[in-house]
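Input: a single structure, listed below in structure tokens.
The values are calculated or read from the model by the stated rules, or taken from the named source; none is laboratory data. Keep in mind that what you see is a predicted model, and the values were worked out from it rather than measured. Because the Cβ atoms are built from the backbone with ideal geometry, glycine has one as well, and the counts that use them run over all protein chains shown. Calculation scope for accessible area: heavy atoms of the full protein, side chains included, ligands and nucleic acids excluded. Shrake-Rupley method; radii C 1.70, N 1.55, O 1.52, S 1.80 Å.
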Amino acid sequence: MSNSLVLVINSGSSSLKFALIDTVNGEATLSGLGECFGLPEAVVSWKVNGEKHEYKLDGLEHHHQQAIDRIVDLVDELGLKEDIVAVGHRVVQGGNLFDHTVKIDEKVIADIESLSDLAPLHNPAHVIGMRAASKAFPTLSQYAIFDTAFHQTMPEKAYTYAISQEVSKEYNIRRYGFHGTSHYFVTREAAKVVNKPVDASSFISVHLGNGASVCVVKNGESIDTSMGFTPLAGLMMGTRCGDIDPSVLEYLLKKGWTKERLEKELVTNSGFLGVSGFTSDCRGIIEAMEDENHPHYHGAKLAFELFTYRVAKYIASYMVALDELDGIIFTGGIGENAMPIRSEILRLMKIFGYQEDVEGNAAARFGAQGIITKPNTPLAMVIPTNEEWVIAKESMALLHA
């Protein structure tokens, strides 16, 4: 094994995803997940040669450090430790402070912590992961890659809210956008499909998963995106409501709701789960709506229709930001695998000339890339995302800069 491996870490408040990425080909030599941190059932699980392994963490504290220590032991056992050259950390919120990947030091950590009000569930957890990884890999350079950085190229008219500019500036209220590494990756791959330079091509990237967002990429740069000040805005998602009239929030507060109840409703009880009444999983939604005898048939059908309608509306509205459109890209867990979702979105966009290639759409699943529209009609394609590869390559590039 060559010295081309980067350990990619996505540290959450109660979980930690990790992958050992070969920066030459983007393949994950090892990947796994630590979950249920802070609970008695906290574990780290991973796969080696198709076999799943699990390691139980001790006690109720320091689970991030325990998880990373177990990763250190694991890569040592597999004889891979000497091949790791850097550690790359996914960071959700970089605010206005970061528009590119940076090497982590105490100043960077302090800046990331200072943005915690904008991402209270994410940024503090990222810092915990950074400190744990620095302790476990003291000789390796650590890098921070920001979800928001790709969207720092948005023009003022796209990121500004129509509120008092004094308030906007005092509290840094603006649209930041997220899923930046995913939109960045798939638009680069899409440029290869249409055989054009990235800086001379334009795409609408549709990342659909438990979190979902649409992004307009013109000449390789983000110029608009559906998520806003937080990842709650924009599309309907697994458990998030997406766009909503702010007066609804005021109304519920007047009805006696607490801020905590309101936040839980919008973030964890809405989206697919709230509308369907039984699941946040797109697969469960599709299965239920295809069975009229299912107890949640009507809720599932409404959730499906609402989700696809909103996605199609965003795609259509974002066409005004472009002089030309080289293609629509579907990616993310739902975007890559849910053929009925893609089919319905294309059907809703028939006024623009989109015609589904049924066979192509059926084939573009489970990691397969493909074109899903008929020849001589506007182009739509599926491109599997690889955010970990972006994080690994960005880390490697800065390491050798």
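For the reader, a short list of remarks on this structure follows.
- Net length gained if the chain between residue 243 and residue 322 were fully extended (0.36 nm per residue, minus Cα distance): 26.2 nm
- Candidate residues 283, 240, 131: accessible-area rank, largest first, probe 1.4 Å: 283, 131, 240
- Normalised per residue, the accessible area of the chain is 47 Å², obtained with a 1.4 Å probe and no contribution from ligands, DNA or RNA.
- Ligands, DNA and RNA left out, the accessible area of the range 1-71 computed with a 1.4 Å probe is 47% carbon and sulfur.
- Straight-line reach from residue 254: taking Cα to Cα under 19 Å and skipping same-chain neighbours fewer than 8 places apart, the lysines in range are 264.
- A DSSP coil position with no more than 10 other Cβ atoms inside 10 Å describes the following GluC sites (Glu not before Pro) in the range 269-306: 292.
- Over all directions, the projected convex hull of the C-alpha atoms in the range 5-146 averages 8.4 nm² in area.
- When its C-alpha radius of gyration is set against 2.2 N^0.38 Å (N residues), the range 269-319 gives a value of 1.19.
- Rounded if a/c under 1.5, otherwise prolate or oblate - the chain, Cα gyration tensor axes: rounded
- Of 218/350; 56/81; 196/313; 52/301; 196/350, pairs whose Cα-Cα distance is over 29 Å: 52/301
- Sequence-distant residues sharing a close amide H with residue 48 (under 5 Å, placed H): 53
- Inter-probe distance in nm under a simple model that places probes 7 Å from Cα toward Cβ, at residue 343 and residue 166: 5.6
- Basic side chains Lys and Arg get +1 at the Cβ, acidic Asp and Glu get -1 at the Cβ, and with that the dipole of the range 5-146 about its Cα centre reaches some 140 debye.
- Structural descriptor for the range 5-146: relative contact order 26 percent, calculated from alpha carbon pairs under 8 angstrom and at least 6 residues apart.
- Its Cα centre serving as origin, the chain has a Cβ charge dipole (Lys and Arg +1, Asp and Glu -1) of approximately 660 debye.
- Solvent-accessible area of the range 192-248 (1.4 angstrom probe, protein heavy atoms only): carbon and sulfur portion equals 53 percent.
- Whole-angstrom gap from the range 264-307 to the range 358-372, using each part's C-alpha centre: 24
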